[in-house]
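Only one structure is covered here, and it is reproduced in the block below.
The values are calculated or read from the model by the stated rules, or taken from the named source; none is laboratory data. All values derive from a computational prediction rather than experimental measurement. Every residue, glycine among them, receives a Cβ derived from its backbone with ideal geometry; neighbour counts consider all protein chains shown.
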Amino acid sequence: MTETILNWVIALFMLSSGIFTLLAAVGILRLPDLMTRMHASTKAGALGVALMMIAAMLHFNDLVVMAKALAVIMFILITAPIAAHAIGRAGYFVGVPIWVNTVKDELFNRYDSDTHRLRSGLETEEELKAMKTSNKDKPRIRVTTKK
Amino acid sequence: MEIVILISFALLSLSMLLIFIRLLMGPTLPDRVVALELLATVIVAITGTYAIFTDRSSFIDVAIVVALTAFLAAIGFARFLERGGPRDD
């Protein structure tokens, strides 16, 4: 009886993992620009891996495997945001086009493209002078999804 | 149980196919890097499924190593892009 219930729970976790991963894949294929694609891939992908590792944990029912699977989950949950942040920042400096319907770009004209330094907008006059602003900020390219 | 594992394999393989399409299409290099990272994440999930399928727990170790390598690759690509290496989209 308990075995049957456990099998059903494992099946539920595995299927939801597959569905969430498929959702991430559809998101990365269908969404219009880099930032929205990253938003789909990081969250849904990490959730898919976490669910699959929970399924493995329940299936093996062993303390060592449980610790390893927990380590995978923790590792994915820690590294996925860091990697996404690094790639998103690099994409912003490279000048990846953003979607035409983007409402807000708060970093626009705030980043010094040479020194990679971010202005907060609250600096005093002297600080701005000392920062030797270069006005070479590239305009953000906006793309439409319709080709 | 068998059929559930097969369905999970099918879903994960289909998502790998879709991600691979984005990897080939991807208009810029950062898009491709994001697709590669998600591909590695799907491979980790497939390794977990395979561990359940073959009933061998050692495959969890493989999942750990794949996750670590994917993270390092993503960070390396991001540094490379930010420092302005030669790019050919």
A:Val49 vs. criteria touching a helix residue (DSSP H, G or I) at 6+ places or on another chain (Cβ under 9 Å), in contact (Cβ under 8 Å) with a residue 24 or more places away in the chain and more than 9 Å from chain B (Cβ to nearest Cβ)
no
Where residues in the range B:23-35 are in contact (Cβ under 8 Å) with a residue 40 or more places away in the chain and more than 7 Å from every other protein chain (Cβ to nearest Cβ), which of them is farthest from A:Met66 (Cα to Cα)?
B:Pro27
Tell me which of these B:Leu14 doesn't satisfy, since it passes every other one: (1) more than 7 Å from chain A (Cβ to nearest Cβ); (2) closer than 24 Å to A:Thr36 by Cβ.
(1)
Any residue that is facing chain B (nearest Cβ under 9 Å), in contact with a His (Cβ under 8 Å, 6 or more places away or on another chain) and free of Cβ contacts under 8 Å to residues at least 24 places away in the same chain - is there at least one of those in the range A:70-80?
no
Quickly run through the range A:28-53 and pick out the residues that are crowded, with 22+ Cβ neighbours inside 10 Å and of a type in the set (Val, Ile, Thr).
A:Ile28, A:Thr42, A:Val49
Taking B:Arg79, is it surrounded by 15 or more Cβ atoms within 10 Å (Cβ to Cβ), farther than 17 Å from A:Phe13 by Cβ and of a type in the set (Lys, Arg)?
no
Qualifying residues in the range B:54-64 (those that are assigned to a helix (DSSP H, G or I) and more than 8 Å from chain A (Cβ to nearest Cβ)) - the one surrounded by the fewest Cβ atoms within 10 Å (Cβ to Cβ)
B:Thr54
Residue by residue through the range A:56-69, note down the ones that are in a helix (DSSP H, G or I) and either modelled with pLDDT of 95 or more or more than 7 Å from chain B (Cβ to nearest Cβ) (or both).
A:Met57, A:Leu58, A:Leu63, A:Val64, A:Met66, A:Ala67
Which residue out of B:Ala67, B:Ala45, B:Ala74, B:Ala51 is among the hydrophobic types (A, V, I, L, M, F, W, C), in a helix (DSSP H, G or I), facing chain A (nearest Cβ under 7 Å) and touching an Asp or Glu at 6+ places or on another chain (Cβ under 8 Å)?
B:Ala74
Selection from the range A:52-69 of residues without any contact (Cβ under 8 Å) to a residue 40 or more places away in the chain and of a type in the set (A, V, I, L, M) yields A:Met52, A:Met53, A:Ala56, A:Met57, A:Leu63, A:Val64, A:Val65, A:Met66, A:Ala67, A:Ala69
Criterion first (more than 14 Å from B:Val44 (Cα to Cα), crowded, with 17+ Cβ neighbours inside 10 Å, touching a residue at least 12 places away in the same chain (Cβ under 8 Å) and touching a Ser or Thr at 6+ places or on another chain (Cβ under 8 Å)) does A:Val96 satisfy it?
yes
Please list, ordered by first then second residue, the pairs with beta carbon atoms under 9 Å, 6 or more apart or interchain, first in the range A:1-25 and in the same structural domain as A:Met57 (by TED's automatic domain parsing), second of a type outside the set (A, V, I, L, M) and outside any helix (DSSP H, G or I).
A:Leu6/A:Asn61
Every residue in the range A:21-43 that is facing chain B (nearest Cβ under 9 Å) and of a type in the set (A, V, I, L, M, F, W, C), please.
A:Leu22, A:Leu23, A:Ala24, A:Ala25, A:Val26, A:Ile28, A:Leu29, A:Leu34, A:Met38, A:Ala40
